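Input: a single structure, listed below in structure tokens.
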Amino acid sequence: MAAMMPLLSTKGLSCAFGGLRAVDGVDFALPCGEIRAIIGPNGAGKTTFVNLVCGRIPASSGKVFFEGRDISRLPAHQRVRAGIAYTFQITSIFPGLTVLDNVAPAAQRPSARQVAASGSSRERALHALEEVGLGQYAHQQAGHLSYGHQRLLEVAMGLALRPRLLILDEPTQGLSDGEIENFIALVREIGRKATVLLIEHNMDVVMALSDRITVMERGRVLAEGNPEEIRADQAVQRAYLGA
Amino acid sequence: MTRAGARNLLLHGAVLVLLFALNFVLPEYHRGILSRVMVLAVFAMGYNLAFGYTGLLSLGHAMFFAAGLYGAGLTIYHLGWSVWPAFGAGLLAGGVVAAAIGFLALRTTGVAFMIVTLMFAQVFYLGTLYFTTYTRGEEGLILPQASRKLELPGAELILTDPAVRYMTALTLFAAVLVGIFLLVRSSFGRALVAIRENEERMRMLGYDVFANKLLAMIVSGVICAAAGAAYAVLFGYVGSGFAAIQYSILPLLWVLLGGAATTLGPLIGTLFMFYVIDIASGLTRAHLLVVGIALILVVLYFPKGIAGTIRERWLRWLQ
């Protein structure tokens with residue numbers, strides 16, 4: 001059954017920097033349609049893990065499968081075309097271009113998936129901006145946006161790719177409480193159409209959004225379960241929640 | 001088309017019409033200068049595509065210009081080719097050199113890219129000296145007058161005639177200007193600018209950054225080679241001097257002066273430099289001092305180049 005096949009899975013995925021095994025033999029499976037959070041203390045290997053998934057850094061060993069296909073050897077840009085979108089932990093936009101021009105490259109690149117997509121690339125870019133609530137800023141220079149809006153622009157760039165899997169790396173870092181509330185609503189909305197993999201430190205956001213949670217520690221998966229299970233897990237509490 | 005697009009179209013059209021009209025009013029001396037400026041502005045436009053739009057600070061573009069120059073010059077001089085196939089050989093030489101050098105040099109970025117392109121250009125320059133049997137090195141080759149004829153259906157243009165030379169240079173300039181005008185408005189051109197602004201971001205938006213940069217280098221190299229090949233057939237001289245480091249620095253200066261990543265900047269910068277040198281050398285023997293001061297003033301008051309600063313301060317729509 002196709003439904004049984006996870007959208008994304010990894011087998012023994014590892015990455016060593018010198019002697020440090022930042023990601024150490026991670027087996028991971030993410031079913032289609034889920035919102036999954038990865039949590040863990042600083043240095044647990046969360047960001048390294050998603051970077052291995054999207055191909056920004058090469059794995060030392062192990063495999064990555066997306067839609068059942070082995071993508072371990074694909075360069076990053078081809079993984080993006082296959083349907084994996086990544087938003088940067090440190091805001092990475094085109095500060096000198098307009099907000100619309102920031103999203104245009106994502107909307108205009110034709111991929112097999114997007115052939116059926118409706119509208120011109122400009123319309124698709126505007127639509128992605130509307131989705132995150134930046135429509136009114138389309139013609140402003142992106143570098144002049146507030147920090148919170150720049151984070152949203154990151155997400156809009158990811159959305160304009162129409163990904164199957166959207167990876168959000170600490171998206172709420174540096175946002176105000178009000179912005180975080182809007183953000184939770186936005187990710188829920190995105191979750192209807194795409195599978196979401198979220199690295200997040202803010203436990204309120206994690207608990208509010210995720211269907212399941214994966215806890216990482218020292219490059220390994222420590223625990224996995226739904227929010228209640230994770231909250232109750234003693235090993236997790238020792239390692240992370242500080243209880 | 002948007003209003004900004006219409007204004008740009010009008011402006012670029014007006015520049016071409018003005019250049020056309022100048023053929024009939026300029027004194028011979030200035031018409032000669034302008035012919036040369038237009039050909040070298042093509043060189044600068046090619047450089048601008050790599051440097052201005054894609055952010056590739058190459059210090060080796062002399063080799064692409066010289067590849068075109070020699071591709072056309074050697075085939076005419078030694079093989080007796082006529083102008084059209086010789087021009088084609090120049091373009092091909094530029095494209096092949098740019099593809100090979102791009103493939104190797106684009107593995108590096110930043111300072112390393114500058115050094116690698118500089119070194120390859122130096123190798124090319126020394127190559128033109130080494131094969132002095134064919135190139136006659138610094139002394140160069142003078143292409144025979146009889147060979148500098150452009151065959152068109154039903155006509156033969158004598159390229160040594162000043163008016164024909166001017167119009168041929170203008171035709172090449174116009175073709176490249178229109179090509180660049182369209183290219184930078186295309187999705188490819190916009191992708192290049194975005195790569196310049198944030199390469200890693202473009203990679204994570206699914207763009208093959210290396211392939212895009214390589215294509216930019218090849219197009220840039222072919223345009224520079226077109227300028228070189230045109231220079232050979234229009235002015236009849238092919239020498240190693242055009243492959244030297246000076247001719248890698250000059251297009252950088254022209255583009256910086258005129259305005260990087262503007263379509264008209266290369267023409268403005270080239271024209272400006274030519275006339276500053278021309279006027280200064282009429283006034284004093286220390287004309288390079290005047291040139292230096294002029295450069296400093298432009299950099300101080302027009303930090304983004306002439307067209308670039310005009311765009312920033314007054315004409316936001318300028319392409």
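The values are calculated or read from the model by the stated rules, or taken from the named source; none is laboratory data. Computed from a predicted model, the values in this text were never measured in an experiment. When we count neighbours, we look across all protein chains shown, and the Cβ atoms used for this are built from the backbone with ideal geometry, even at glycine.
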- [ ] Please go through segment A:81-108 and pick out each residue that is of a type outside the set (D, E, K, R), out of contact with any helix residue (DSSP H, G or I) (no Cβ under 7 Å at 6 or more places or on another chain) and farther than 13 Å from A:ASN51 by Cβ.
- [x] A:ALA82
Open item on the list: Just to be sure I understand, how many residues within segment B:152-162 are part of a strand (DSSP E or B) and out of contact with any Ser or Thr (no Cβ under 9 Å at 6 or more places or on another chain)?
Closed with: 4
Open item on the list: Filter segment B:144-189 down to the residues that are within 14 Å of another protein chain (Cβ to nearest Cβ) and over 21 Å from B:CYS224 (Cβ atoms) and list them by number.
Closed with: B:ARG185, B:SER187
Open item on the list: Give all pairs with beta carbons closer than 7 Å in which a residue from segment A:69-82 that is within 8 Å of chain B (Cβ to nearest Cβ) and surrounded by 15 or more Cβ atoms within 10 Å (Cβ to Cβ) meets a residue that is part of a helix (DSSP H, G or I) and not acidic (Asp, Glu); count only pairs at least 6 apart in sequence or on separate chains.
Closed with: A:ALA76/A:CYS54; A:ALA76/B:ARG203; A:HIS77/B:ARG203
Open item on the list: For segment A:129-149, check the following and say yes or no: at least one residue is in a helix (DSSP H, G or I), within 11 Å of chain B (Cβ to nearest Cβ), modelled with pLDDT of 90 or more and more than 15 Å from the chain's Cα centre (by Cα).
Closed with: yes
Task: Only listed residue being outside any loop (DSSP other than H, G, I, E, B) and over 24 Å from A:GLU228 (Cα atoms), chosen from A:ARG21, A:ARG56 - done: A:ARG21
Task: Filter result for A:GLY135 (surrounded by fewer than 16 Cβ atoms within 10 Å (Cβ to Cβ) and more than 20 Å from A:PHE94 (Cα to Cα)) - done: no
Open item on the list: Name the single residue that is nearest to the chain's Cα centre (by Cα) among those in segment A:60-87 being under 15 Å from B:GLY206 (Cα atoms) and part of a loop (DSSP other than H, G, I, E, B).
Closed with: A:GLY83
Open item on the list: Just to be sure before I move on: is A:PRO6 modelled with pLDDT under 95, within 18 Å of the chain's Cα centre (by Cα) and not aliphatic (A, V, I, L, M) in the structure I sent?
Closed with: yes
TODO: Could you figure out which of (1) free of Cβ contacts under 8 Å to residues at least 24 places away in the same chain; (2) within 30 Å of B:ILE195 (Cα to Cα) isn't true of B:PHE43?
DONE: (1)
Task: Flag if B:ARG3 is surrounded by fewer than 23 Cβ atoms within 10 Å (Cβ to Cβ), within 12 Å of the chain's Cα centre (by Cα) and either under 14 Å from B:THR270 (Cβ atoms) or charged (D, E, K, R) (or both) - done: no
TODO: Specify which of the listed residues (A:ILE57, A:ILE35, A:ILE39, A:ILE90) is on the phi < 0 side of the Ramachandran plot, within 16 Å of the chain's Cα centre (by Cα), modelled with pLDDT under 95 and away from every other protein chain (no Cβ under 14 Å).
DONE: A:ILE39
Open item on the list: Tell me yes or no: at least one residue of segment B:190-213 is farther than 30 Å from B:TYR130 by Cα, free of Cβ contacts under 8 Å to residues at least 60 places away in the same chain and more than 14 Å from chain A (Cβ to nearest Cβ).
Closed with: no
Task: Residue count, segment B:262-277 (criterion: touching a Lys or Arg at 6+ places or on another chain (Cβ under 8 Å) and farther than 12 Å from B:ILE33 by Cα) - done: 1
TODO: Hey, can you tell me all the residues within segment A:21-47 that are closer than 13 Å to A:GLY219 by Cα, surrounded by fewer than 24 Cβ atoms within 10 Å (Cβ to Cβ) and not hydrophobic (A, V, I, L, M, F, W, C)?
DONE: A:ARG21, A:ASP24, A:GLY25, A:ASP27, A:PRO41, A:ASN42, A:GLY43, A:THR47
Task: helices (runs of 4 or more DSSP H) within segment B:11-112 that include 2 or more residues touching an Asp or Glu at 6+ places or on another chain (Cβ under 8 Å) - done: B:83-105
- [ ] Take segment B:245-261 and flag every residue that is assigned to a loop (DSSP other than H, G, I, E, B) and surrounded by fewer than 19 Cβ atoms within 10 Å (Cβ to Cβ).
- [x] B:ILE245
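Listed here are the residues, each with its yes/no results for (1) at pLDDT 90 or above; (2) surrounded by 19 or more Cβ atoms within 10 Å (Cβ to Cβ); (3) not in a helix (DSSP H, G or I).
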| residue | (1), (2), (3) |
| --- | --- |
| B:LEU150 | yes, no, yes |
| B:VAL164 | yes, no, no |
| B:ALA169 | yes, yes, no |
| B:LEU177 | yes, yes, no |
| B:ILE180 | yes, yes, no |
- [ ] From the list A:ALA156, A:ALA107, pick out the single residue that is assigned to a helix (DSSP H, G or I), within 14 Å of another protein chain (Cβ to nearest Cβ) and in contact with a Lys or Arg (Cβ under 6 Å, 6 or more places away or on another chain).
- [x] A:ALA107
